[in-house]
Amino acid sequence: MRASELFTPTLRETPAEAEIASHQLLLRAGFIRKAAAGIYTFLPLGWRVIHKIEGIVREEMDRAGGQELLLPIIQPAEVWQESGRWELYGEEMFRLKDRHGRSFCLGPTHEEIITALVRAEVNSYKQLPLRLYQIQNKYRDERRPRFGLLRGREFIMKDLYSFDRDEAGLQESYNKMYVAYSNVFRRCGLKFRAVEADTGAIGGNFSHEFMVLAEAGEALVLFCHHCDYAANVEIAPAAPSPVAGDAQPLPLEKVHTPGRRTVEEVCAYLGVDSRRLIKTILYEADGQLVAALVRGDRELNEVKLQKVLESARLNLAEPDKVEEVLGVPVGFVGPVGLGRIPIYADLEIPYLVNGVAGANEKDYHYLHVNPGRDFVPLKVADLRQAGAGEPCPQCGSPLEEARGIEVGQIFKLGTKYSLALGALYKDDKGEERPVVMGCYGIGISRTMAAAVEQHHDEHGIVWPVSIAPYQVVIIPVAVRDAAQREEAERIYAELRAEGIEVVLDDRDERAGVKFVEADLIGYPLRLTIGKKTVAEGTVDWKWRWSKEEKAVPREGVARRVKEAITAALQTPDEFYRGYPGL
Ligand code: ATP
Ligand code: MG
């Protein structure tokens, strides 16, 4: 490709709405453009990267026994009603009606539609196992579309569904996918971790997320250096660690705490350690008010709470609603005398002796609150967020913390969807059984953004070779110099003949401008053709992630590039060793 013909409109200014590096750089370097909130156009360079990632994903899915198909984006409401998710999916689902008034949605995911397909087409054990996948747009009306491609409302996903005869078959499919996913992200040149994960709205009972490690990640993962334990903080168990307190419970005492609402304010005012405070947080779970208690120094984990409550929807209660129902502002709510509102307490709460809590009266708190004596929780469970430094649940070593971008997730679904939709097969004895399912997603467009998040510097993007839009850029220093121009043209032709994806920057621009743009776009290898090429027969060779530039012989440069690119593609781990991003 010639730079003079390439449609890559770059921006000088960083668009104000773009908060994180990947969003800024993908806009500035001309990879994407916004059409609406969370909805993007992929420009030619961006689309090439998408194709690269898709290519790697296809190879690994096929290698793991997958067969590609294409399911419809527009899905009839009926299959979603059969699974019960038409209601459950809520406002995230884009819904529409046809001219006859029939309801449809734009697929946010495809469990229902593919289970309906298998129900109709598979009836014997001889047709199993089956692993079917597609790469396609997904539609989710996210509450907060943001960070460019990281959280879009229209985004590209690979989704594979496995159908097996039994649990052992599912385990095999799951293992194959785990390996395939690891291969995909390794080949994409990404530093990642597979972590144990929550199953969320998809359901099922076992799951891993694949996290690209990056500061901008929305997810927090805990991992252990001494064993292989790694989990999303959403599900990481938090063992109670009681603090030594008073020996004797004292009588309850109401104290005036004017305007002190937060943990910090109350503790400072009363001169108590935050570990003695009982934080009372009110939630609405499927429309019902519930109170959750954690110690003042702890964070409540909503995923754990939702699991304990077995609720479909969980939101923080609106302060207005709390005041309306309890007649007290949120900062002064406590577990003593809460009436009929059920109380869910974290494991550490029962250990407290003479704790402090809101008195359910404006501007008052209680001292010497003793769980069991002054209030009785409906349930005591692990509700708090675990953190770095706490013991690993597997081996006891201190856990470490990292931020991650979830680029993929794999689930064991079991028979949830096959039973709901009636996807049955006859086993070798002629008995009917539900097919046993798994589902496996990769955010293709999110992976592109995650790669930029992990691989960039102050000058621009640093693409791993395997997913770069082009592998090499050739920059002639002076295109008006006929000898240099001709050399550049010849090298360009030689590289193309070797099958290298190369851009020749043939524009009549200053070399400095071209270097800046090449760094912004992030071509992995830059070859500079200048006076020395003509006079001494050398070409300047520079990897995007390295500061070093070296002169290599003009003779045989195409073969040399070919070898280097092949090595980079075959051994991504070794290739990037020494590059700080990996
Ligand atoms: P999240 O928790 O980030 O909302 P999810 O768990 O709902 O994601 P899945 O249903 O597991 O997502 O979808 C599979 C993959 O699709 C995710 O691992 C992620 O890479 C990608 N993905 C999900 N939602 C989005 C989105 N709004 N924009 C871009 N990619 C997404
Ligand atoms: Mg997920």
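Here, each number is a calculation from the coordinates, and none is a lab measurement. Just so you know, these numbers come straight off a predicted model, no measurement behind them. Cβ: placed from backbone, ideal geometry, glycine included. Neighbour counts: every protein chain shown.
Overview of results
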| read-out | value |
| --- | --- |
| Rounded Å value of the spacing that divides the Cα centres of region 366-409 and region 203-240 | 14 |
| Once the Cα gyration tensor of region 85-181 is diagonalised, semi-axes √(5λ) in Å | 29, 20, 10 |
| For ASP141, distant residues with modelled amide H under 5 Å away | MET93, PHE94 |
| Candidate lysines - alpha carbon under 16 Å from LYS514, same-chain residues fewer than 8 apart omitted | LYS542 |
| Region 434-450 and region 471-520: distance between their alpha carbon centers, rounded to Å | 39 |
| Lys/Arg +1, Asp/Glu -1 at C-beta; the chain dipole; positive extreme among GLY339, MET157, ALA238 | MET157 |
| Three principal axis lengths of region 399-538 [C-alpha, angstrom, descending] | 81, 40, 26 |
| Compactness relative to 2.2 N^0.38 Å, alpha carbon Rg of region 420-467 | 2.29 |
| Rg in Å to one decimal, and Dmax rounded to a whole Å, for region 115-274 via C-alpha atoms | 24.0, 74 |
| Point-charge dipole on Cβ atoms (K/R +1, D/E -1) for region 464-576, about Cα centre, debye to 20 | 160 |
| Convex hull volume per residue in cubic angstrom - Cα atoms of region 253-381 | 91 |
| Per-selection metrics, region 464-576 (Cα): Rg and Dmax in Å | 13.2, 41 |
| Cut-off under 5 Å, modelled amide H: who pairs with ARG151 long-range | ARG146 |
| Span from the region 116-184 Cα centroid across to the region 1-65 one, whole angstrom | 24 |
| Unit charges on C-beta of K, R, D, E only; dipole of region 253-381, Debye | 320 |
| Restricting region 515-556 to GluC sites (Glu not before Pro) in coil, as DSSP defines it, with at most 13 other Cβ within 10 Å | GLU548, GLU549, GLU555 |
| Restricting region 131-207 to trypsin sites (Lys or Arg not before Pro) in coil, as DSSP defines it, with at most 10 other Cβ within 10 Å | ARG143 |
| Cα-based radius of gyration of region 195-248 once divided by 2.2 N^0.38 Å, which approximates compact folds | 1.55 |
| Charge context of GLU209, other residues only, Cβ under 14 angstrom, K/R +1, D/E -1 | -1 |
| The chain: Cys lacking any partner C-beta under 4.7 angstrom | CYS105, CYS188, CYS267, CYS439 |
| Positive dipole terminus of region 464-576, leading residue within ILE500, SER546, PHE575 (C-beta point charges) | SER546 |
| Region 180-339: translational diffusion in µm²/s, Stokes-Einstein, Kirkwood Rh over Cα pairs, 20 °C, 1.002 mPa s | 112 |
| Unsatisfied cross-links (Cα-Cα over 30 Å) in the set LYS34/LYS97; LYS34/LYS321; LYS52/LYS532; LYS176/LYS379; LYS158/LYS321 | LYS34/LYS321; LYS52/LYS532; LYS176/LYS379; LYS158/LYS321 |
| Cα point-scatterer Debye curve for the chain, base-10 log of I(q)/I(0) at q = 0.07, 0.11 Å⁻¹ | -0.56, -1.10 |
